[in-house]
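Quick notes on the structure that follows.
The values are calculated or read from the model by the stated rules, or taken from the named source; none is laboratory data. Predicted model only: the values in this text are computed from it and were never measured. Here the Cβ positions follow ideal geometry from the backbone for every residue, glycine too, while neighbour counts run over all protein chains shown.
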Amino acid sequence: MTSWDAFYDETERQGPSLLLARAINLAGNLSVARQAVDLGCGAGKEAQQLMQSGWDVLAVDNEPEAITRTIANCSGGHAGMLTTCLSDFECLPALPRSNLIHAGLALPFCRPKSFKQLWNQVLHALEPGGVFVGHFFGPQHGWSTFTHLTFHSELDIRRMCEEMEVNLLRETQIMIQTPSGPLNWHRFDLITQKP
């Protein structure tokens, strides 16, 4: 894909993320400051959803158009504040201490050689009681032959979360139609909380 514009357009037409809403409710029990990170913020719909729920958000993406759209979608009278960072999230030296980290469809695009370090940064950045919410591509995904993408089995994800409390681990596998033809979409949704 040479441009993310079509993906951004599609996400801007969608309603709020039910998965993120569930994570916000879980993290809402925290009595501390509401600091969130949105890795791979795309068009900013989830950053907007977090801000509308009173969260301050650091939105990270390596695409200038994503940052532009995030700023546009998050402008206005929201309860939370927005900070943006134009960067490949694999290259960030560290993530700020956070109570919620969202990584929609971002983590599968982390190069396999960088994934362990990024995941360790996520775990380290989460405050006690903090929540991670995101998606992982499964090994039967139609893109599984792409060596620059990262894929995880259910067992892999459970091992990554051994010291966390898994609130939701849901597997979906459906055939979708893309401009290049049918694609097996194998995905795991995860919500996990740091004790």
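Key figures
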{"quantity": "Residue under evaluation residue 55, criteria (1) within 23 Å of residue 28 (Cα to Cα); (2) among the hydrophobic types (A, V, I, L, M, F, W, C); (3) under 15 Å from the mean Cα position of the chain (by Cα), criterion not met", "calculated": "(3)"}
{"quantity": "One residue from 149, 118, 155, 169 being part of a strand (DSSP E or B), modelled with pLDDT of 95 or more and of a type in the set (A, V, I, L, M, F, W, C)", "calculated": "169"}
{"quantity": "The listed residue being in contact with a Lys or Arg (Cβ under 8 Å, 6 or more places away or on another chain), at positive phi and of a type in the set (Gly, Ala, Ser), out of 138, 181, 129", "calculated": "129"}
{"quantity": "Single residue of the stretch 10-29 satisfying the filter (surrounded by fewer than 16 Cβ atoms within 10 Å (Cβ to Cβ) and of a type in the set (A, V, I, L, M, F, W, C)) that is modelled with the lowest pLDDT", "calculated": "18"}
{"quantity": "Number of positions in the stretch 140-195 that are under 18 Å from the mean Cα position of the chain (by Cα) and hydrophobic (A, V, I, L, M, F, W, C)", "calculated": "13"}
{"quantity": "Matching residues in the stretch 86-108 - criterion: being surrounded by fewer than 19 Cβ atoms within 10 Å (Cβ to Cβ) and either in contact with a strand residue (DSSP E or B) (Cβ under 8 Å, 6 or more places away or on another chain) or at pLDDT 95 or above (or both)", "calculated": "86, 87, 92, 96, 97, 105"}
{"quantity": "Any hit, the stretch 122-135, residues being of a type outside the set (Phe, Trp, Tyr), part of a loop (DSSP other than H, G, I, E, B) and more than 13 Å from residue 38 (Cα to Cα)", "calculated": "no"}
{"quantity": "Among the residues listed as 192, 145, 150, the single one being without any contact (Cβ under 8 Å) to a residue 12 or more places away in the chain and β-branched (Val, Ile, Thr)", "calculated": "145"}
{"quantity": "Count of the stretch 64-97 residues which are of a type in the set (S, T, N, Q) and over 26 Å from residue 149 (Cα atoms)", "calculated": "3"}
{"quantity": "Residue list for the stretch 136-152, filter: hydroxyl-bearing (Ser, Thr, Tyr) and surrounded by 15 or more Cβ atoms within 10 Å (Cβ to Cβ)", "calculated": "150"}
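Per-residue answers, yes or no, for (1) part of a loop (DSSP other than H, G, I, E, B); (2) touching a Phe, Trp or Tyr at 6+ places or on another chain (Cβ under 9 Å); (3) in contact (Cβ under 8 Å) with a residue 12 or more places away in the chain:
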position	(1), (2), (3)
77	yes, no, no
80	yes, yes, yes
85	no, no, yes
95	yes, yes, yes
102	no, yes, yes
113	no, no, no
